[in-house]
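Below is one structure, written out as structure tokens, with a few remarks after it.
The values are calculated or read from the model by the stated rules, or taken from the named source; none is laboratory data. The structure presented is a predicted model; accordingly, all values stated were derived computationally and were not measured. Neighbour counts run over all protein chains shown; Cβ positions are idealised from the backbone, glycine included. The area values use the complete protein model at the heavy-atom level, side chains included, leaving out ligands, DNA and RNA. Shrake-Rupley method; radii C 1.70, N 1.55, O 1.52, S 1.80 Å.
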Amino acid sequence: IKTEEALSTDLVPGDVIVIPSNGTIMPCDAVLICGTCIVNESMLTGESVPVTKTDLPNPQQDKKGGHGDAIYSTEEHKRHTLFCGTNVIQTRYYTGEMVKAVVVQTGFSTAKGQLIRSILYPKPTDFKLYRDAYLFLLCLVAVASVVFVYSLVMKIINQVKEIIVKSLDIITITVPPALPAAMTAGIVYAQRRLRKVGIFSISPQRINICGQLNLVCFDKTGTLTEDGLDMWGIQRVEDGRFHHSEEKADDKSLFTTKFVSCMATCHSLTKIEGQLSGDPLDLKMFEATGWILVEATEEETAHHDRIELTYVKPPNQLLPPSVISPEQDMELSELYELSASYMIGIVRQFSFSSALQRMSVVVRQIGERRMDAYLKGAPEVVASLCKKETVPEDFAEVLEDYTKQGFRVIALAHRRLESKLTFHKVQNINRDQIEKNMDFLGLIIMQNKLKTETPGVLEDLRHANIRTVMVTGDNMLTAISVARDCGMIQPQDRVIIADALPPKDGQTAKINWHYADKPSQCAIYWPDPVTVVLIQEQYHFAMSGKSFSVIIEHFQDLLQKLVLHGTVFARMAPDQKTQLVETLESVDYFVGMCGDGANDCGALKRAHAGISLSELEASVASPFTSTTPSITCVPNLIREGRAALITSFCVFKFMALYSIIQCLSVALLYSVSSPFIYRTTYYSSLSSWSLYIA
């Protein structure tokens with residue numbers, strides 16, 4: 001293959017580029033067609049954790065056996081797309097081949113270009129104070145025109161020589177040219193005080209708007225709760241029944257079980273400069289097993305013909321005593337050979353998909369011919385892909401019990417693959433053929449603790465009559481539990497879940513209503529006159545992202561009523577968060593959005609006041625950025641916004657009254673042809689500015 005160097009400005013869609021092995025900053029959006037890359041996408045998403053990008057899979061075959069034409073979509077194939085501005089840290093390539101990608105977008109059409117465009121041309125702030133100020137200035141212009149005509153007539157009667165100069169003075173006296181500068185004084189001082197508490201702004205005019213915020217949306221993970229997850233325990237399943245929950249997964253009696261093997265292999269972790277890197281949840285899960293990750297060298301990769309294996313193995317202290325020799329002088333190479341039979345190679349990885357809410361891997365244990373498939377994901381999704389007899393009958397009750405306590409629950413499953421599947425066939429197989437007829441293995445329970453300052457801040461906002469809303473991508477019941485723990489939902493309040501179902505089999509779309517603490521009990525049917533009585537302050541609506549989309553499409557007349565009492569919005573996609581902010585603004589709320597920068601960029605830009613808790617590059621899309629990663633910045637911003645707003649309003653009243661008084665005074669002096677007109681105007685201006693500065 002012939003390659004040549006070219007300037008990044010010369011790239012056009014369709015060009016094939018080679019990604020350097022030592023990494024690079026992507027100059028365009030490109031889709032991988034060969035090899036894998038480890039990429040830091042913090043510039044776009046705010047996520048500091050590197051992600052693994054794999055090459056574009058082969059087109060799926062249609063039902064007739066032919067090859068279907070799969071249309072490339074940036075959103076659908078983002079796991080295979082290298083975005084402009086992101087940092088390619090490391091590449092992995094097959095022997096004799098280079099890591100190649102096809103250019104799909106350049107310039108302002110790229111993901112980074114759209115971000116820059118939104119920064120250069122932000123949404124105009126529609127603020128009532130500014131609208132009223134412009135209207136009042138028009139009124140002053142009308143008053144000035146009347147006085148201008150009056151003074152013109154008076155001068156014509158007395159003296160024609162100075163008609164134009166003295167008449168035009170009325171315009172400059174009545175319409176204060178210093179009004180814009182005077183109104184920014186409060187904003188400047190507020191910005192200085194915000195900088196002292198670690199809050200920076202790229203749109204100072206929005207500080208005034210912060211003074212009128214009456215609703216604040218919060219992301220959950222990393223904003224209301226700690227960023228990381230702690231391993232709380234595991235609950236294994238055998239013969240269709242749950243075992244008692246266990247605290248540790250690195251017990252010697254468990255390391256040979258399929259449950260621990262799934263924890264050790266079903267992840268997207270990789271090593272960068274000898275350190276494990278990847279999703280924090282995967283990292284905590286893998287560390288809980290105590291196993292070791294070993295990545296294949298280039299020579300080992302060559303033996304498998306385009307298949308790059310990653311191995312995991314248990315530590316030596318977990319091996320049975322019969323495997324470890326008691327001799328102290330045993331070499332490490334011999335010990336490695338003895339433990340090789342417990343090594344598991346990851347043959348194929350199906351990356352986590354937020355749409356599918358799961359990921360899976362195909363593995364093979366050293367010394368065995370048949371391969372295994374392991375699955376990890378949302379419990380409801382994993383259970384639906386498993387054999388019914390392997391899922392415990394009390395699965396729903398156990399899951400509900402954990403989620404009500406605020407735990408994050410992940411389900412695991414396993415399947416023994418057919419012996420006819422070879423290494424090469426696995427590389428071309430569709431994930432739907434792997435992720436079916438699984439055996440349910442059990443649950444991993446992760447704990448996400450509240451930040452210490454969260455309850456106090458939310459209590460302050462509640463006392464200030466500022467409504468708070470949670471917008472998260474987490475499980476519904478987990479989000480409701482966290483909302484209760486942090487005080488967003490009071491203990492005596494009831495939560496009604498709106499479960500909207502799209503049209504299906506000729507039936508129209510409908511909404512099922514039930515209480516969060518009693519899922520089987522139907523709460524209300526809409527529309528119903530009783531709901532007028534039920535919907536009071538002590539009731540909160542909760543809904544998922546899927547229900548929100550159905551309501552937007554099929555129940556537009558209910559949308560505004562629901563968001564007026566909606567407190568928890570779970571499983572929300574980034575674009576749905578933006579839609580929610582727009583809907584809240586349409587019912588005359590001044591909306592603030594506080595997030596950690598991950599998947600919140602659209603909502604942060606759309607809200608009246610977006611506050612990013614991330615100092616990464618994604619924060620440039622947010623009007624405000626806090627160097628302190630906690631929601632204590634929200635009351636500070638609202639407090640300074642109110643101070644700046646009151647200052648601007650008082651300055652506006654002062655300047656307007658001063659201009660009208662001066663205009664009428666000069667007009668009166670014109671009427672009597674006083675020789676002290678200019679002197680009076682000068683001294684009145686000087687005295688008024690002295691009072692303002694004081």
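A few points about this structure:
So that you can scan it fast, the table gives a plain yes or no per residue for (1) under 21 Å from Thr257 (Cα atoms); (2) at pLDDT below 80; (3) not assigned by the TED database to the domain that holds Asn428:
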{"residue": "Phe350", "(1), (2), (3)": "no, no, no"}
{"residue": "Leu356", "(1), (2), (3)": "no, yes, no"}
{"residue": "Arg364", "(1), (2), (3)": "yes, no, no"}
{"residue": "Glu368", "(1), (2), (3)": "yes, yes, no"}
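- Residue within region 627-649 that is assigned by the TED database to the domain that holds Met470, crowded, with 24+ Cβ neighbours inside 10 Å, modelled with pLDDT of 90 or more and within 16 Å of the chain's Cα centre (by Cα) present: yes
- Scanning region 241-256 finds no residues that are among the β-branched types (Val, Ile, Thr) and either at pLDDT 80 or above or in contact with a Cys (Cβ under 8 Å, 6 or more places away or on another chain) (or both).
- Residues that are assigned to a helix (DSSP H, G or I) and surrounded by fewer than 21 Cβ atoms within 10 Å (Cβ to Cβ), drawn from region 584-597: Glu585, Ser586
- Within region 483-492, the residues that satisfy the criterion of being surrounded by 15 or more Cβ atoms within 10 Å (Cβ to Cβ) and in contact (Cβ under 8 Å) with a residue 40 or more places away in the chain are Ala483, Asp485, Cys486, Met488, Ile489.
- Search result, residues across region 213-239 that are open to solvent by 30 Å² or more (accessible area, probe 1.4 Å) and at pLDDT 90 or above: Asn214
- Among the residues of region 433-482, those that are aliphatic (A, V, I, L, M), open to solvent by 20 Å² or more (accessible area, probe 1.4 Å) and within 24 Å of the chain's Cα centre (by Cα) comprise Leu450, Met476, Leu477.
- Within the span defined as region 413-433, every residue fails to be among the β-branched types (Val, Ile, Thr) and under 26 Å from Gly545 (Cβ atoms).
Yes/no per residue for (1) open to solvent by less than 70 Å² (accessible area, probe 1.4 Å); (2) modelled with pLDDT of 80 or more; (3) more than 29 Å from Thr221 (Cα to Cα):
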| position | (1), (2), (3) |
| --- | --- |
| Ile33 | no, yes, yes |
| Glu41 | yes, no, no |
| Val49 | yes, no, no |
| Gly65 | yes, no, yes |
| Thr74 | yes, no, no |
| Thr81 | yes, yes, no |
| Arg92 | yes, no, yes |
